[in-house]
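The structure appears below as structure tokens.
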Number of protein chains: 2
Amino acid sequence: MSDDSRFGLRRQVRLSGPLALDGGAALGPVDIAYETYGAMNADGSNVILICHALTGDQYVASDHPSTGKPGWWWRMVGPGKPVDPADYFIICSNVIGSCMGSSGPASVDPATGEPHAMRFPVITIADMVRAQALLLDHLGVDRLCAVIGGSMGGMQALTWPTLFPDRVENCIVIASTARHSAQNIAFHEVGRQAIMADPNWRGGDYYADGRVPSAGLSVARMAAHITYLSEAGLTEKFGRRLQARATKTFGFDADFQVESYLRHQGLSFVERFDANSYLFITRAMDYYDIAEDHGGSLARAFTATKARFCLVSFDTDWLYPTTESRIIVHALHAAGAPASFVELSSPFGHDAFLLECPELNRVVDGFLKGGRA
Amino acid sequence: MSDDSRFGLRRQVRLSGPLALDGGAALGPVDIAYETYGAMNADGSNVILICHALTGDQYVASDHPSTGKPGWWWRMVGPGKPVDPADYFIICSNVIGSCMGSSGPASVDPATGEPHAMRFPVITIADMVRAQALLLDHLGVDRLCAVIGGSMGGMQALTWPTLFPDRVENCIVIASTARHSAQNIAFHEVGRQAIMADPNWRGGDYYADGRVPSAGLSVARMAAHITYLSEAGLTEKFGRRLQARATKTFGFDADFQVESYLRHQGLSFVERFDANSYLFITRAMDYYDIAEDHGGSLARAFTATKARFCLVSFDTDWLYPTTESRIIVHALHAAGAPASFVELSSPFGHDAFLLECPELNRVVDGFLKGGRA
């Protein structure tokens, strides 16, 4: 299936697989929904894969079909941007486990004709990457000029050269980490418990009647959203300012602007995301620990790759703080891999990688140009 | 009503009030449950009031009647401790709005014979302090040798000299703040939404049939609990260690120790705490902003007091970080109030004030002795 969007191409492909998963199960067929921008050159040397974050999707630079909003990384990808379709063949695919057209708990299991729901196999970040590799095979892409991602997208980008050391030339990892910390797991567990506590969740089998666990998913999103913002950013944006009525109600309505903002974040999220997908993707992130998969040595994961690496962190990001990027850089240097690193200053916390940040654009642009020089 | 506990005296008193509340309502009668330790001396110069935190209670140094655990601050209060009943007449009362015997949403409204539930008036930290002052009047206590509290207890302690400048000689504020920040409000709002999303909550009217909103309250507690611990402390305590079975299940059971720990925190909390009380007390904390009540000037709040102040923060506390204590110290100095301040080092984050911390005991001991010299 395909139709024209603003300037991307909306596509979905069914690959036979089966895809052998880290958890021992096999997934097949494997549906992958993706967008492409630009065209592959003759020697296939201009392909860039963009990896999306937890609640992201393939619409990196095209309008979102249900919200109508511009692509989530239009500041980075598009004409005149660092990742320009005039120069590159750009691919962004929906991760497996998600809900925007790739195989996930909400998609129909061909064996039963019913949604997988919680019978969908638990996946890992590496499984998401292996599915992307299947898509590249399908598209006739042998090597990636670059793989780029922020947050969970950065986890996939960093995993790429560990699984396919010969297929990646440049790797850009932004606001990310090489392993999920105890605090990261803890926040995810709160979100999962909120979803599972919603009586509409019903063990995940809520697709038939449309009564979805919106309240639980909304609470999960609210808790997560706090971790995407910095304390200073929240203070600057909202402080203790009251809503328009400007006086305290001494009640439980949203008196403070920050309450109203958070409630809105929760409510708008449930309209575009599947609760079971939230469970599966957060679980994949919690299992993520590249060193663990290489005998406890992060450096060992990168000994076979020839890729160049670019790491970027933000000084106010407390979800994946700068220390996590430094750990990766040290491991890359120990493995003899060329790696540059920069910590950018931003008031916006983890979300900075999605927001207006000219320095980030300059870093990505310079690194990509350096790789072609 | 009164009975002997280990060495405290378990008491509850009904004061006629009415207590005029910040929100405009009046509360009366006002039930206050409290514990005392030691005896008042002839000139009444040895009275110390201990203020408890959000989910704390009056059992500061006596076994908790339902959990059987030692008092929540047995390390600080008791024979041979800095706050010793051999030296002081020590009072700790359950805040109004709570659920351990003081007037709150779970207590019966004498006017209707039914629990107040959400018809209980919204209260503030200052209202809690005014209720404590009523109790002191009842006990014949004119002046406090000291008022001491950590976290929300510190908010009450800091409010005391602003409302009753002549009744406080020494004020010890630990791991606290002069106002709730946007991030503080945001985390509380997540907890409240989790409770209200629980279908058992039913607008707060769940007392009759015992089907309480346990799932929502448990999620609220889990989210809050993360904010009480430091990232480093969580990593040290749990890291990414798996449960005893030691292999990943690739499922949604609690694979990681930190998940199991958080779930336990949620489940054990709902056995001892009322969900509506959680709503009312978090709301009181969100409304807390001492400067706002004094024309925007924190210093102005303290110009009339003669009290000495002692501020303590912990370097890994990100809920009420050191910067918040510094703001208070600057305001106290601007007001001409004697104030000492120390930032202690601890791996335990906000919870440090409740845990083994010999330095904290030395600071409190030294400050109290200095006040009597």
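The values are calculated or read from the model by the stated rules, or taken from the named source; none is laboratory data. Bear in mind the structure is a predicted one, so any value in this text is a computation, not a measurement. As a convention, Cβ positions derive from the backbone with ideal geometry for all residues, glycine included, and neighbour counts pool all protein chains shown.
At a glance:
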read-out	value
Elements of type strands (runs of 3 or more DSSP E) contained in segment B:1-113, each with 2 or more residues being out of contact with any helix residue (DSSP H, G or I) (no Cβ under 6 Å at 6 or more places or on another chain) and modelled with pLDDT under 95	B:2-4, B:9-15
Leading residue by the ranking (nearest to the chain's Cα centre (by Cα)) among those in segment A:107-147 that are among the β-branched types (V, I, T) and within 14 Å of chain B (Cβ to nearest Cβ)	A:I125
Where A:T235 falls short, out of the listed (1) among the β-branched types (V, I, T); (2) touching a Lys or Arg at 6+ places or on another chain (Cβ under 8 Å); (3) without any contact (Cβ under 8 Å) to a residue 12 or more places away in the chain	(2)
Test result for B:G371, in contact (Cβ under 8 Å) with a residue 24 or more places away in the chain, on the phi > 0 side of the Ramachandran plot and surrounded by fewer than 21 Cβ atoms within 10 Å (Cβ to Cβ)	no
Sole residue being in a helix (DSSP H, G or I) and in the same structural domain as B:M128 (by TED's automatic domain parsing), chosen from B:A301, B:A215, B:A223	B:A301
Top-ranked residue in segment A:244-259 [being more than 7 Å from chain B (Cβ to nearest Cβ) and closer than 24 Å to B:P105 by Cβ; ranked as modelled with the highest pLDDT]	A:D255
Residue within segment A:298-319 that is surrounded by fewer than 24 Cβ atoms within 10 Å (Cβ to Cβ) and without any contact (Cβ under 8 Å) to a residue 24 or more places away in the chain present	no
Residues that are surrounded by fewer than 20 Cβ atoms within 10 Å (Cβ to Cβ) and under 27 Å from B:F89 (Cβ atoms), drawn from segment B:343-356	B:L355, B:E356
All positions within segment B:66-78 that are in contact (Cβ under 8 Å) with a residue 12 or more places away in the chain and surrounded by fewer than 19 Cβ atoms within 10 Å (Cβ to Cβ)	B:S66, B:T67, B:W74
Check on B:L136, in contact with a Lys or Arg (Cβ under 9 Å, 6 or more places away or on another chain), surrounded by 24 or more Cβ atoms within 10 Å (Cβ to Cβ) and not basic (K, R)	no
Complete set of residues in segment B:182-219 that are facing chain A (nearest Cβ under 9 Å) and of a type in the set (A, V, I, L, M, F, W, C)	B:A182, B:I185, B:A186, B:F187, B:V190, B:A194, B:M196, B:A197, B:A215, B:V219
Scope segment A:268-292; condition modelled with pLDDT under 95 and within 11 Å of another protein chain (Cβ to nearest Cβ); matching residues	A:E292
Residues (under 19 Å from B:K248 (Cβ atoms) and either touching a helix residue (DSSP H, G or I) at 6+ places or on another chain (Cβ under 8 Å) or among the hydrophobic types (A, V, I, L, M, F, W, C) (or both)) located in segment A:120-150	A:F120, A:V122, A:I123, A:T124, A:I125, A:A126, A:D127, A:M128, A:V129, A:R130
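Let's see how each residue does on (1) assigned to a helix (DSSP H, G or I); (2) farther than 30 Å from A:A20 by Cα; (3) over 18 Å from the mean Cα position of the chain (by Cα):
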site	(1), (2), (3)
B:T249	no, no, yes
B:R263	yes, yes, yes
B:G266	yes, yes, yes
B:I281	yes, yes, no
B:T305	no, yes, yes
B:D317	no, yes, no
B:I327	yes, yes, yes
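Residues are listed down the side, and each one gets a yes or a no for (1) in the same structural domain as B:H330 (by TED's automatic domain parsing); (2) at negative phi; (3) without any contact (Cβ under 8 Å) to a residue 60 or more places away in the chain:
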| site | (1), (2), (3) |
| --- | --- |
| B:M128 | yes, yes, no |
| B:G140 | yes, no, no |
| B:G150 | yes, yes, no |
| B:F164 | yes, yes, yes |
| B:R167 | yes, yes, yes |
| B:S176 | yes, yes, no |
